[in-house]
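In what follows, a single structure is set out as structure tokens and then discussed.
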Amino acid sequence: MRLESNPIPMKERSTMVWLQYGNIDVQDGALVLIDKDGVRTQIPVGGLACLMLEPGTRITHGAVALAASVGCLIQWVGEGGVRLYSAGQPGGSRSDRLLYQAKLALDDDLRLKVIRAMYKFRFREEPPAKRSIEQLRGIEGVRVRNLYKILAQEHGVEWGRRDYDPDDFANQDPINRCLSVATHCLYGLCEAAILAAGYAPAIGFLHTGKPLSFVYDIADLFKFESVVPIAFKVVATNKGEPERETRIYCRNSFRKHNLLERIIPTIEEMLAAGGVTIPKAHEEAMPIAIPNKEQTGDAGHRA
């Protein structure tokens, strides 16, 4: 197996390709996907930032070694990326990205700038001036509770409050169960994007002290335009298996609206609000575009 000595700079790569239903191996120094009929599709792994392996794929040791040698992250995900099960280099493979993220999170002034940018992105308006992080967190909480009430009224769903107890999931009401399922689908997608971009899921800004603090920060930016309405819609219309239907709706929605394409640029936009110059090595390493189906064709994503 031939290993690349000079990997392609990340800024010149396509960002993510999804593979499913096939065996991934190395032939003649190249990564190939072999389907059930024996058809081989070559995967340009050296020109990718990340391979996302969906259910139905198997990968050899040689293929993993080749991807690692050219700096391509491998992630094992559920259908449509709704869950992240494992990743090749959790937390990012380059210290410059992690140091950049940590610098913003550890400085109170810089952290507040990032949080204010997140507030503006989420609510489409400037946050109140001269407010502390705790004050902004409180204002956000009030607005979020109101959004839940509005969605409940729109869909005719009985609503009390957001309640999630992982130790007693089955005894929660249907809407809270579906909201938990939906948000966990979004968390998987956001964690995949954060890892692919080279950041640490644990270094958050509004959320802190949890293994997925930054995942929660980023997921909150998209939650009420994506998965939360899905949960209310499912509960309002489905009487069978609402949790399963919620997962399916989320998966299909992620694909239909290309949500993953928006997450990495949004991460960069939020961090840039801190006003810190991105280290040159970091800038060169960052992916800048995610190909869509028109650019790559379906076969490039799923074979």
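Going by the structure shown, is F205 assigned by TED's automatic domain parsing to the domain that holds R251, modelled with pLDDT under 90 and farther than 24 Å from H257 by Cα? No, not satisfied.
Out of the helices (runs of 4 or more DSSP H) lying entirely within the range 54-163, which hold 2 or more residues that are surrounded by 15 or more Cβ atoms within 10 Å (Cβ to Cβ) and in the same structural domain as Y199 (by TED's automatic domain parsing)?
95-106, 108-123, 133-155
How about the range 188-215: which of its residues are buried (at least 20 other Cβ atoms within 10 Å of the Cβ) and without any contact (Cβ under 8 Å) to a residue 60 or more places away in the chain? Once the filter is applied, which keeps residues that are buried (at least 20 other Cβ atoms within 10 Å of the Cβ) and without any contact (Cβ under 8 Å) to a residue 60 or more places away in the chain, the range 188-215 yields only V215. Every listed requirement among (1) surrounded by fewer than 17 Cβ atoms within 10 Å (Cβ to Cβ); (2) in a loop (DSSP other than H, G, I, E, B); (3) modelled with pLDDT under 85 is met by K36 save one, (3).
For V17, the criteria (1) modelled with pLDDT of 90 or more; (2) under 26 Å from I264 (Cα atoms); (3) surrounded by 14 or more Cβ atoms within 10 Å (Cβ to Cβ) hold in every case but one, which is (1). Within the range 146-153, does at least one residue satisfy the condition of being more than 26 Å from the chain's Cα centre (by Cα) and farther than 26 Å from S226 by Cα? No, the conditions are met nowhere in the range 146-153. R83 passes every criterion in (1) within 18 Å of the chain's Cα centre (by Cα); (2) of a type outside the set (S, T, N, Q); (3) over 27 Å from R251 (Cβ atoms) apart from (3).
The values are calculated or read from the model by the stated rules, or taken from the named source; none is laboratory data. Note that the coordinates shown come from a computational prediction; the quantities given were computed from them, not determined experimentally. Heads up, the Cβs are rebuilt from the backbone with ideal geometry, glycines too, and the neighbour counts pull from every protein chain shown.
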